[in-house]
Amino acid sequence: MVDANVVSMKLAELSDRIARVREHCPTEPQELAADRDAFDLVSFNLFLAVQACLDVASHLISDENWAPVATARGALERLEEHGVISKATSLVLHEAVGLRNIVAHGYSGADPTQIHEAAMTGLPDLESFATEVSAWVKGRVATEG
């Protein structure tokens, strides 16, 4: 059974991370590249926002006793399979997981232009994830209660 409080807390964290990215990301990519502190804040908060999505996915998979997955992308696919998120959301978050991995593991260094692009265009995808998960959890709790 889904623990709606845990999901709600993670979605609140996601919302906070999105707000911090918006607060610290300059309008131009070259400004982000020139300001190491802003670059670090934006990169780290994007990383934590995507991680919050993955934490929610893992939580739902565990609570619902769905088949375990071996990868972050597999977790998103599992949510899609069970109607928690749409295919479109799953696909765009696959890209976000790739960016998260670059930030987390330093693969070839994070590109300020790529980070800026994610901050400017990817946040609505994270918000869609939150909206879809929230709607699914509310429906699930209503049918269980």
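The numbers here are math on the coordinates, done by the rules we state, and not lab data. This structure is a prediction, so every number in the text was calculated from the model and none was measured. A quick note on method: Cβ atoms are made from the backbone with ideal geometry, for glycine too, and the neighbour counts reach across all protein chains shown.
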Original post:
Mind checking whether some residue in region 100-108 is in contact with a helix residue (DSSP H, G or I) (Cβ under 6 Å, 6 or more places away or on another chain), within 23 Å of ARG140 (Cα to Cα) and either of a type in the set (A, V, I, L, M) or buried (at least 21 other Cβ atoms within 10 Å of the Cβ) (or both)?
Top reply: no
Original post:
From the list LEU46, LEU79, LEU60, LEU91, which one is under 18 Å from the mean Cα position of the chain (by Cα) and without any contact (Cβ under 8 Å) to a residue 24 or more places away in the chain?
Top reply: LEU91
**OP:** For residues that are loosely packed, with under 15 Cβ neighbours inside 10 Å and β-branched (Val, Ile, Thr), tally how many sit in region 47-76.
**Re:** 1
**OP:** Considering (1) among the hydrophobic types (A, V, I, L, M, F, W, C); (2) within 14 Å of the chain's Cα centre (by Cα); (3) within 30 Å of ALA34 (Cβ to Cβ), say which one ILE102 fails and leave the rest.
**Re:** (2)
